[in-house]
Amino acid sequence: GAGVSQSPSNKVTEKGKDVELRCDPISGHTALYWYRQSLGQGLEFLIYFQGNSAPDKSGLPSDRFSAERTGGSVSTLTIQRTQQEDSAVYLCASSLENRGVETQYFGPGTRLLVL
Amino acid sequence: QKEVEQNSGPLSVPEGAIASLNCTYSDRGSQSFFWYRQYSGKSPELIMFIYSNGDKEDGRFTAQLNKASQYVSLLIRDSQPSDSATYLCAVWGWSGMRFGAGTRLTVKP
């Protein structure tokens, strides 16, 4: 595709339910990142994938959060037993490589609201 | 101490003035530095990056890096109302990419 796509664009769920957020990176991009942005806040790093290497999960806030990347392309971020504090915009970004100087292209985000 | 710190603003400048946005970082081993612009309700988009000490110019934008002071800035010359947005500083280091909370800039006509 032309850019990074994410789905759903908006998600409203009840506290305690599980949610899955999807990211489809730009074709050929080997690095994929997940960030969380709460209202009026900066981006909080969650996890990144680089090729076939083990993902860097150091930013995941709790064990309720997990992510996988299938076939080096599409990624799914799963939040189990959602809490109200999980409400935020979840942004996915991809880049050609993870050398730090590669431009990260962001998707439109998934706006999650936990009631 | 936050890894990347920015003044939250808001920073207000008149149209045509120079807007100066500042960022400090804590990881002395940081290697690359980025400025992103984020319009309200939109995703961040890269303005420019810098990884060597000194200045880097791109049109109306100039990024300045001082690794000794662990300081990076963004100057916007001839500010336009369309520059009104939140500007995010991002730093790449051993712990990966880390973003500041952003500075909200308003350019008044």
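The values are calculated or read from the model by the stated rules, or taken from the named source; none is laboratory data. Please read all numbers here as calculations on a predicted model, not as lab measurements. Note that we place each Cβ from the backbone using ideal geometry, even for glycine, and neighbour counts take in every protein chain shown. Ligands, DNA and RNA are excluded from the accessible area calculation, which covers all protein heavy atoms including side chains. Shrake-Rupley method; radii C 1.70, N 1.55, O 1.52, S 1.80 Å.
Across all C-alpha atoms in chain B, the radius of gyration and Dmax reach 13.1, 42 Å. Of A:ALA31, A:ALA67, A:ALA54, the residue with the greatest mean-square motion in the GNM of chain A, using alpha carbon springs below 10 Å, is A:ALA54.
Rounded to the nearest 0.05, the FRET efficiency derived from the C-beta distance between B:GLU57 and B:SER8 at R0 = 35 Å is 0.85.
Working from label points 7 Å from Cα in the Cα-to-Cβ sense, the A:SER9 to B:ASN22 distance is 4.0 nm. A run of chain A free of exposed loop cleavage sites, with GluC sites (Glu not before Pro) counted only in DSSP states other than H, G, I, E and B and at most 14 other beta carbons within 10 Å, reaches its longest extent at A:15-96.
Counting only Cβ charges, +1 for Lys and Arg and -1 for Asp and Glu, the dipole size of segment A:1-57 around its Cα centre is about 100 debye.
Given +1 at the Cβ of Lys and Arg, -1 at the Cβ of Asp and Glu and no other charges, the dipole of segment B:49-109 around its Cα centre is 180 debye to the nearest 20. Computed from protein heavy atoms with a 1.4 Å probe, the total accessible area buried between B and A is close to 1400 Å².
For A:TYR105, the solvent-accessible surface with a 1.4 Å probe is about 110 Å², rounded to the nearest 10. The residues of segment B:1-52 expose on average 53 square angstrom of accessible surface per residue, using a 1.4 Å probe on protein heavy atoms. Here B:LYS42 sits with roughly 130 square angstrom of accessible surface, probe radius 1.4 Å. Just the protein heavy atoms count here, and of the accessible area of segment B:10-109 at 1.4 Å, carbon and sulfur take up 51 percent.
When a/c reaches 1.5 or more, the comparison of a/b and b/c decides; with that in mind, is segment B:54-102 rounded, prolate or oblate per its Cα gyration tensor? Since a/c reaches 1.5 but b/c is at least a/b, the shape of segment B:54-102 is classed as oblate. Measuring only protein heavy atoms, the 1.4 Å probe finds B:THR86 accessible over about 30 Å². Per-residue shielding of B:30-36, expressed as the average number of other chain Cβ atoms within 10 Å of the residue Cβ, stands at 3.
For segment B:1-107, the relative contact order is 38 percent, taking Cα pairs closer than 8 Å that sit 6 or more residues apart in sequence and dividing their mean separation by the residue count.
Using a cutoff of 8 angstrom between alpha carbon atoms and counting only pairs six or more residues apart, the relative contact order for chain A works out to 37 percent.
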